[in-house]
Every structure is written in C-alpha cells, then in structure tokens.
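For reference, the structure discussed in these notes is given below.
Bear in mind these aren't lab numbers, they're just calculated from the coordinates by the rules spelled out. Since this is a predicted model, take the numbers as computed values, not measurements. Every residue, glycine among them, receives a Cβ derived from its backbone with ideal geometry; neighbour counts consider all protein chains shown.
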Amino acid sequence: MRAPDFWHGDTPLSRLLAPLGSVYAWMVARRLDRADEYRPAVPVICVGNIVAGGAGKTPVVIALARLLLAVGRQPHLLTRGHGGTEIGPRAVDLDRHDHVRVGDEPLLLAETAPTWVARWRPDGAVAAVSMGADIIVMDDGFQNGSIARDLSLVVVDGPYGFGNGRVIPAGPCREPVETGLARADAMVIVGADKTGAAARAEAAGVPVLRARLVPGPEAAGLMGRKVVAFAGIGRPGKFFETLKSCGAHLAAARSFPDHHPYSRAEIEALLAEADAIGAVPVTTAKDRVRLPADLRQRVSVLTVSLDWEALGLLSALLDRIGVRA
C-alpha cells in the first residue's frame, strides 16, 4: 500500500476517521492481550515498526544478520512473506522461488541468511531451529503476539516519523505510538530525525539507535546521468531522493503501490520512455525481483545498505540476550 497524503498531517479527513482509528487500536491491543506466545528454543529478535510500511525494516534485518554472522552466530530470518502465496513454513530457495510464491522481501533476505516464510510464525521458528538456527531475526511482527521475543526493535524513518500520529485509517500507525514504545527495547531511527522521534523515545525511556541508508556501488555510474526512476515500495519518494543525492538527474519518477506486481506492458512502457529521452531506467532491488525475468537486465538497480552510526548500544542490547557482538 501507499500511504495517503493526509496521513502526514492533521487534516479534516484524519480527524473524521479518528474514531475508526480507536477501534483499530482496540482490536490490536485485544489480539495482543489474548495471544498465546510460543517460546522458541533460541533467542528471537523482532524488527518491527509502529507505522505501516516504508520504515526500513528489511535493511535493518539484513544488517543485523550480517553482524550476527560476523560474530559466528547462525541466524535464520523469519518473515510472513507479504505478497506471496506460500503459507509455509518454507525455506526460501533463490533458485526455485519467485516473488509470486514467497514475496519480494524474503528474496532479498535470503541473499544474506537462511530465510523462512511462515504465515504462522511459531511454525517458522520451529523449522528454523530444526535446521540449525541459533538465533532468529523476525522481519515485522511487532503487533503479532504469537511468538515471544527477547529483543524488540522499532524502526522509524527519520524524515517521516509517525506521520500525524493517528491510528489506521486516520493515520499511518498500527497502534498508538506510546503503546508501541512501551513494548520496545530500542528504537532504530533510519536517516535524519526530522520529526522528533528520538525525543518521544527518550520520554518513554526507550534507547535510540541511529543508522543511515548508504547507496551501493552502482551510485557512481548514475552520477550525472539522466534517469527514469520507478519504485513500488512503501515510500517511493525516499528512493527518488536517494537518486538525487547520488547526482542522478531525474527525468521522470514513477510511483507504484508497495509490492506492485509489474506487468510486461508497464515495464516496456517505462523502457520506451527512457529510450526516447536517452535516460537510464532505474529501480530498487526490491522492485527488481518483481520485474518480468527477461526484462530485468535492461533495468539498472540502485542498492542500499544500512550503516550504523555507533555499535556500542546495539552491542549492549545483544549482549543482554547472550550475543557477543
């Protein structure tokens, strides 16, 4: 889904929908209160968020997995597989599975560490442990109470924050901000904190980790180039701004819904648009896996990775659950 513009401000429509937001918040709280948590045999790190979509959870999960691998742990990644048909538990196989089967984000995760798709997360945890996981990193699931967590990280997009702070459908929040922060062990702010998210975390007694998304090596080849950019992610504008920061000249910027399944006609139209003006068609790594396979080589990809501002606090949090980092 794409966040509607009114979620960012205190608009008449947002105020009108606020009572429905209260109902949504009550339903989330009720589900969490009645949940019967399964406790896996290994530690579980949950990387979630309070707002819907686009906070940067997947890069945080990948960065954590790389850190854990570097210190000799055997992390397995657990995700619901949004957008895919697989119910699971199913280990993602990059040679056999596509985004239709397992979703787009699991394909990115599986490039770093063993990844499991499971609609019912406890089943995925059991499967992961049986295949050698000594720690599980769960992508999303902060509002899902089916599995116990040893460390819960709430990811916040620094420039966007919590939007207007209201609950769906009046705003982008899946629950009231203070309610979510009360369950969090730390907040991860990705990018410049332009909305005071850190202050809200500190007021709630929640420590803050800071990180930024760093463009991949492809950025050098886009500097000074004219590009036709397109993205079907939570906040496409973030991708377009990243391209600008790399020195690319945006001739066109096309936004699609999150997890959008691109048709051949759509990609051929974008390629034709780029060809007509001598531009480079470029998209995200997450979008690339949803392109028709035979057209992927004609589209450039700009990857990003997460760079922690400081590892001291993160190391202390991991140490608390028995992980030496």
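Cα-based count: Lys pairs in the chain below 20 Å, eight or more positions apart or different chains?
Value for the chain: 9.
Taking only DSSP H segments of four or more residues, each worth -39500 (n - 2.57), what value at 222 nm results for the chain once the sum is divided by all its residues, to the nearest 500 deg cm²/dmol? Don't skip to the end; give the middle numbers.
On the way: 12 runs with 112 residues, N = 325.
Mean residue ellipticity at 222 nm (helix-derived): -10000 deg cm²/dmol.
For residue 265 paired with residue 293, estimate the spin-label separation in nm (one decimal), with each label point 7 Å from Cα along the Cα-to-Cβ line.
According to this spin-label approximation, the distance is 2.4 nm.
What is the dipole size for the chain, taken about its Cα centre, with +1 at each Lys and Arg Cβ and -1 at each Asp and Glu Cβ, in debye to the nearest 20? Intermediate values should be presented prior to the final figure.
Working: 37 positive and 35 negative charges, 44 e Å.
Taking the Cα centre of the chain as origin, the dipole is about 220 debye.
Sequence gap at least 6, Cα distance under 8 Å: using those rules, report the relative contact order of the stretch 217-302 to the nearest whole percent. Could you put the intermediate results ahead of the total?
Numbers: 136 pairs, mean separation 29.6, N = 86.
It rounds to 34 percent for the stretch 217-302.
Out of all DSSP beta bridges in the chain, what portion is antiparallel? Express it as a percent rounded to 5.
Numbers: 8 of 47 bridges.
Taking every DSSP beta bridge with both residues in the chain, the antiparallel ones total about 15 percent.
Between the DSSP loop rule and a limit of at most 12 other Cβ atoms within 10 Å, which trypsin sites (Lys or Arg not before Pro) in the stretch 59-116 are left?
Values: sites: 66, 73, 80, 90, 96, 101; in loops: 73, 80, 96.
Filter output for the stretch 59-116: 96.
Arrange 166, 15 by Cβ neighbour counts within 10 Å, fewest through most, would you? Kindly include the intermediate steps, with their values, before the conclusion.
Numbers: 166 26, 15 13.
Fewest-to-most Cβ neighbours within 10 Å comes out as 15, 166.
Estimate the FRET efficiency between residue 39 and residue 214 by the formula 1/(1 + (r/R0)^6), using the beta-carbon distance for r and 35 Å for R0, to the nearest 0.05. Mind dumping the intermediate values first?
Numbers: r = 36 Å, r/R0 = 1.03.
Efficiency at R0 = 35 Å is approximately 0.45.
Between the stretch 46-79 and the stretch 117-189, what is the separation of their alpha carbon centroids in Å?
10
Specify the residue with the greatest mean-square fluctuation among 18, 293, 279, computed from a Gaussian network of the chain linking alpha-carbon atoms under 10 Å apart.
In this elastic network of the chain, the residue with the biggest mean-square fluctuation among 18, 293, 279 is 293.
Stick to the Cα atoms of the chain, pair each with every other, and give me the Kirkwood hydrodynamic radius in Å at one decimal.
On the way: mean 1/r = 0.0489 Å⁻¹.
Averaging 1/r across every pair of different Cα atoms and inverting gives 20.5 Å.
Using DSSP H assignments, which helices in the chain have an axial alpha-carbon span of 30 Å or above and a mean Kyte-Doolittle hydropathy of 0.0 or higher? Could the numbers behind the result be given before it?
Working: long enough: 12-34 (34 Å, 0.25).
Helices passing the filter in the chain: 12-34.
Can you sort 228, 282 so the residue with the fewest Cβ neighbours within 10 Å comes first?
Working: 228 23, 282 27.
Ordered by Cβ neighbours within 10 Å, fewest first: 228, 282.
Quote to one decimal, in nm, the extra length available between residue 203 and residue 182 on full extension: 0.36 nm per residue of separation minus the C-alpha distance between them.
Numbers: separation 21, 0.36 × 21 = 7.56 nm, distance 1.08 nm.
So the extension gain works out to 6.5 nm.
Hey, what did the chain get for relative contact order, percent, Cα under 8 Å, at least 6 apart?
Relative contact order of the chain: 20 percent.
Can you tell me the Rg and the Dmax, both Å, for the Cα atoms in the stretch 205-247?
Expressed in Å, the Cα Rg and Dmax of the stretch 205-247 come to 13.5, 46.
Mind sorting 262, 38, 160 by how few other Cβ atoms lie within 10 Å of their own Cβ, fewest first?
38, 262, 160
Among 140, 123, 95, which one moves the most in a GNM of the chain with springs linking Cα atoms closer than 10 Å?
It is 95.
May I ask for log10 I(q)/I(0) of the stretch 1-63 at q = 0.15, 0.20, 0.28 Å⁻¹, from a Debye sum over the Cα atoms as equal point scatterers with solvent left out?
Taking Cα atoms of the stretch 1-63 as identical point scatterers yields -0.75, -1.05, -1.20.
Separation between the residue 5 and residue 272 pseudo-spin-labels, each 7 Å from Cα along Cα→Cβ, expressed in nm?
Inter-label distance under the simple model: 2.9 nm.
Based on the Kirkwood radius over alpha-carbon pairs, what value in µm²/s does the Stokes-Einstein equation return for the translational diffusion coefficient of the stretch 217-302 at 4 °C and 1.567 mPa s?
Numbers: Rh = 12.6 Å.
Here the translational diffusion coefficient equals 103 µm²/s.
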